[in-house]
Amino acid sequence: MGLKGLLARRLRAFHDNERGNVLVMMGFALVPIIGVAGAVIDYGRATSARQTLSAALDSAALMAARDASKLTDSELRRRIDEWITANLHGDSAKRFTGATSVIDRTARTISVQAQVDVDTTLTRVIGKDSITVSSKSQSSWGTNTIELALALDNTGSMASSGKMDALKAASLDLIQIMKDASDEPEQIKISIVPFSTRVLIDTSLKNELWLRWDMSRLTTITTCTGANWFRVCRPTTTRQMISKSIWEGCVADRDKSYDVRDGDGGNSNASGYPADFCDQYSPDTQARILPLTSNWTDLTNRINAMTPVGSTNVTMGAVWGMATLSQGAPFTEAKPVTTPRLKKFMILLTDGDNTRNRFDGNGSNTEPRVDERTKLACANAKAVGINVYTIRVMDGNRNLLRDCASSVGQYYEVDNASQLTPVFKQIAREISQVRLTQ
């Protein structure tokens, strides 16, 4: 048999062998199976690489926020790439070519975005040589523009258990932390609102249109006639109207429902702020409101001027704290709530139950009707974008204060006056810290 015949016979034998055909077909079938299995493994590796990249970007964004005020844009971008590279490993580090970093010095934000290619293993058999993963992060540097109202109970009960001294020390520590966190003039402004059943404001405001002058009180005047043995004195009770000449600075609750709101005083007598007589429930020795300011000396002096007198009306603290944080009357130092990166906060502190307002209560016993006004005032403060922290010092309506806070984590209970300083420090750091904004 010739060579040609032998070759033909061999080819026929291979064609007729079914086992050989099966092996060939199985070989072809295994290619996609291996590819799919490889995809599961390689995409798992890609997910891990993305997590590593995300962590590297977060770290770089925060580091950049820390150094933004000290470095130029080009220096920041170079450092961001270096930080990302240092936190990657293996092929990801080798394949990383640089991040896209957007630096906004007006908004004080840094946005970082990057991607890396992860080499595949078994997935190569179906033509996929690499998988691209990407991530992004954003951070802000410095602090937000901050307006903070300290609405502080200055009632007589604060004289016990060292509470007033502890409150002063804690408030001064908070002011110092905020001062240290301020990078620019007027970046952080604070108001101080001491309250009892009323608040006191500066008497130089007596001609403001948002004040009303229709409050009165019964007063007894004794009139005497004659002399020596013939002298006769007779007491006469009359109603005395408040006036600008005798006003000591006390302001009472507005008419309902203005008493739990802010920003509309002076448009009518009903919405005006009642200039009132000071009395035992709110003596003229009470510290006066200090509107928003970044004058750290004035803030320190006003805290040191606080003295424990009078009875409790927490509504006044919430309402006037809100008033110092809004642009409308009675104070106009606040910025619009729409100002970029502006954050508004209030710390509302009390050590007792509500006992009296202009409408209800005797100044000694708990008055639930005043609690209802406080609840509404807190709700209104939160509704206009104020972050409310509440602090209960030993005594007071726990449920009311917890509900007044913007969140459960923003309510604090203090069982000992010495705990006030760490609480105030914690709140100050929360307000002023750099945050990752992704």
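For the stretch 99-107, state whether one or more residues are part of a helix (DSSP H, G or I) and at pLDDT 55 or above. Explain how you work it out, then say what you get.
Taking the stretch 99-107 as the starting set, the residues that turn out to be part of a helix (DSSP H, G or I) are none.
Among the residues of the stretch 99-107, not one is part of a helix (DSSP H, G or I) and at pLDDT 55 or above, which makes the answer no.
In this structure, does residue 132 turn out to be polar (S, T, N, Q), modelled with pLDDT under 95 and outside any strand (DSSP E or B)?
For residue 132, the condition - polar (S, T, N, Q), modelled with pLDDT under 95 and outside any strand (DSSP E or B) - is not met.
Can you work out which of the residues in the stretch 329-381 that are surrounded by fewer than 23 Cβ atoms within 10 Å (Cβ to Cβ) and acidic (Asp, Glu) is nearest to residue 416 (Cα to Cα)?
Here the residue is 353.
Matching residues to (1) charged (D, E, K, R); (2) within 21 Å of residue 319 (Cβ to Cβ); (3) in contact with a Phe, Trp or Tyr (Cβ under 6 Å, 6 or more places away or on another chain):
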| site | (1), (2), (3) |
| --- | --- |
| 390 | no, yes, yes |
| 393 | no, yes, no |
| 396 | no, yes, no |
| 417 | no, no, no |
| 425 | yes, no, no |
| 428 | no, no, no |
| 431 | no, no, yes |
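Between 294, 326, which is surrounded by fewer than 21 Cβ atoms within 10 Å (Cβ to Cβ) and not aliphatic (A, V, I, L, M)?
That would be 294, the only listed residue that is surrounded by fewer than 21 Cβ atoms within 10 Å (Cβ to Cβ) and not aliphatic (A, V, I, L, M).
Does residue 431 satisfy being touching a helix residue (DSSP H, G or I) at 6+ places or on another chain (Cβ under 7 Å) and over 23 Å from residue 252 (Cβ atoms)?
Answer is no for this residue.
Being closer than 26 Å to residue 360 by Cβ, polar (S, T, N, Q), out of contact with any Gly (no Cβ under 9 Å at 6 or more places or on another chain) and in contact (Cβ under 8 Å) with a residue 40 or more places away in the chain narrows it down to one residue among 324, 300; which is it?
Of the residues listed, the single one that is closer than 26 Å to residue 360 by Cβ, polar (S, T, N, Q), out of contact with any Gly (no Cβ under 9 Å at 6 or more places or on another chain) and in contact (Cβ under 8 Å) with a residue 40 or more places away in the chain is 324.
As an exercise: evaluate residue 311 against (1) surrounded by fewer than 20 Cβ atoms within 10 Å (Cβ to Cβ); (2) touching a residue at least 60 places away in the same chain (Cβ under 8 Å); (3) outside any helix (DSSP H, G or I); (4) of a type in the set (S, T, N, Q) and give the number of the one condition it does not meet.
(1)
Residue check: is residue 416 closer than 21 Å to residue 161 by Cβ and buried (at least 20 other Cβ atoms within 10 Å of the Cβ)?
no
State yes or no: is residue 168 modelled with pLDDT under 95 and in a helix (DSSP H, G or I)?
No: the conditions fail for residue 168.
The values are calculated or read from the model by the stated rules, or taken from the named source; none is laboratory data. What you see is a predicted model, and the numbers here were worked out from it, not measured in a lab. Please note: Cβ atoms are built from the backbone with ideal geometry, for glycine as well, and neighbour counts cover all protein chains shown.
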